[in-house]
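Below is one structure; the comments refer to it alone.
The values are calculated or read from the model by the stated rules, or taken from the named source; none is laboratory data. A quick note: this is a predicted structure, and the numbers were derived from the prediction, not measured. We place every Cβ from the backbone using ideal geometry, glycine too, and count neighbours over all the protein chains shown. With ligands, DNA and RNA removed, areas are computed over all heavy atoms of the protein, side chains included. Shrake-Rupley method; radii C 1.70, N 1.55, O 1.52, S 1.80 Å.
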Amino acid sequence: MQNGDEHDPTSRRRAGRRSALALVAIVAGAATVGIVISLGQHPASVPPSPATMVPLRATPSPVPSEPEVGTLFAVADDLATHDVVLFGGEDNGNNTWLWNGSAWTLARPQLSPSGRFGASAAYDPETRTVLLFGGRTEDGVAVNDTWSWNGVTWNEVDFGANGPAAGEGSDMAWDAAKQQMVLVIGLGGTGSGATWVWTGSHWTRPVAGNLPGAWFYSPMWSDPATGELTAVGCCSGPPAPSGAVDATWRWDGSAWQTVATTAAAPLDGSTMALDPSLGRLVLCTCGYAEPSEPELAGWTGSSWQTLPSAALPVRGGVEVADVDRGQLLLLGSPLSGAASDPVPVEVWLLSGSSWRRLG
C-alpha cells in the first residue's frame, strides 16, 4: 500500500477486499457468499462499545431499490416474517435488505451491526429470529459478536467474550435433530473446524466438537430425511489422512461423525441449502469447479449425485432455501463486470434443470 493511502479508510477497505478475493482465488473461485476463506486463528475481539451499535445511515445505497454488493454478504431465510434477509457484504455497509419473493425492500432498523463482510447467518426457530455472527468490518477488523434480527430491528445478543474466534469464514446452520444452532469457524489453520453451539445467550464449545481437518470452510444444512446436520469438508486438494477434505459429516450433538458415501468423494461445494421442491440438500460449486466438473449435486442420504442444470447464471453465488415459496434461490453478482465491483444482487430460481431470474 502506498503511503498516501495509509490513513484513507476507503483505501484500507478496498485493500482488504482485494486480499480477501485473492484468498478465494487460491482455491479457485469466487465466494459465501458470503463465504471467504480464513487461513488462521483470529484473536478474540474485545467487547464492542455502544458506539458500534450504529443506526442505519441516511443514504444507504446508490441503488435504493435493491442491494448493491460486490461479494461476501450474509443471507438467511426468515421463516417468521416470510422474507429472505440479506445483510452486509462488500460495499453494502450495514444495510439490511428483505426479499419477499418478487422484490427487495430496504429495512430501517433502529439498531444494526456494524457494516461487515464474511459473516454467517441462519434462522433460529426457537427464538423465531435470524442470528448473525462475526465477519470482518469494512476497515478490516475481525469481530466475533452475535446479533439477532426479529423482523424489525437488530439486537446484540453476545459481545464475543470467551466465545468463537473473530473473523470471516464461518458457517452457521440449525440442527433440526438436536434442536440447536451450530457454528463452525477457524478454518484452515490453528483451531480449524472449531465447532460451537448456541445456548440462547452465548456460545459453548463441545470438548470433542471440532470438524477434523476441514479446509477453508464447511457448508452445512439439516438433512430433511433424517433431520441430522450434514456438513461437507471443503475445498480443493487431496483428501487429508482424517478424510475431512471433500468428506461428508454428520453432527451427533457433541462430535462430527464421518458418513460413508457410495462415491470416492463428494463435490467440492462452496454453498449448500435445501431445495424444497426436491426435498433434499443441493451442493453448489458456485465458481469453484473446473469447467469439466459438475456444478450442482443432490444428497441422497448416502451419496452426492450430479444434478442436471444449465450453467450457473451468477458469479460467486449463494444458495438459500425460500421455504415459504418452496424455492431454491441462488443470489450473486452478474456474470458481466469485475468480480469485486459493487453491482445489484441478482436472484435466480432453480426450476427443474433451468434457472429463471426473479425480480
- Note on the structure: When every residue in region 321-354 that is surrounded by 24 or more Cβ atoms within 10 Å (Cβ to Cβ) and among the β-branched types (Val, Ile, Thr) is compared, the one modelled with the highest pLDDT is Val347
- Which numbered condition Ala225 fails, given (1) surrounded by 15 or more Cβ atoms within 10 Å (Cβ to Cβ); (2) modelled with pLDDT of 75 or more; (3) hydrophobic (A, V, I, L, M, F, W, C); (4) in a loop (DSSP other than H, G, I, E, B): (1)
- Query: Among the residues of region 76-100, how many are open to solvent by less than 20 Å² (accessible area, probe 1.4 Å) and either of a type in the set (Phe, Trp, Tyr) or within 19 Å of Val323 (Cβ to Cβ) (or both)?
  - Reply: 9
- Tell me which residues, restricted to region 102-119, are open to solvent by 20 Å² or more (accessible area, probe 1.4 Å), in a loop (DSSP other than H, G, I, E, B) and not hydrophobic (A, V, I, L, M, F, W, C). Ser102, Arg108, Gln110, Ser114
- Message: If Phe133 satisfies all but one of (1) under 24 Å from Asn210 (Cβ atoms); (2) in contact with a helix residue (DSSP H, G or I) (Cβ under 9 Å, 6 or more places away or on another chain), what's the number of the condition it fails?
- Response: (2)
- Query: Of the conditions (1) at pLDDT 95 or above; (2) under 20 Å from the mean Cα position of the chain (by Cα), Glu66 fails just one. Which one is it?
  - Reply: (1)
- Give region 272-301 a look and list any residue that's hydroxyl-bearing (Ser, Thr, Tyr) and at pLDDT 85 or above, or say none. Ser277, Thr300
- Among residues of region 137-155 being among the acidic types (Asp, Glu) and buried (at least 17 other Cβ atoms within 10 Å of the Cβ), the residue nearest to Met181 (Cα to Cα) is Asp145
- Query: (1) in contact with a Ser or Thr (Cβ under 9 Å, 6 or more places away or on another chain); (2) surrounded by fewer than 16 Cβ atoms within 10 Å (Cβ to Cβ); (3) of a type outside the set (A, V, I, L, M): which one isn't true of Phe133, the others all being true?
  - Reply: (2)
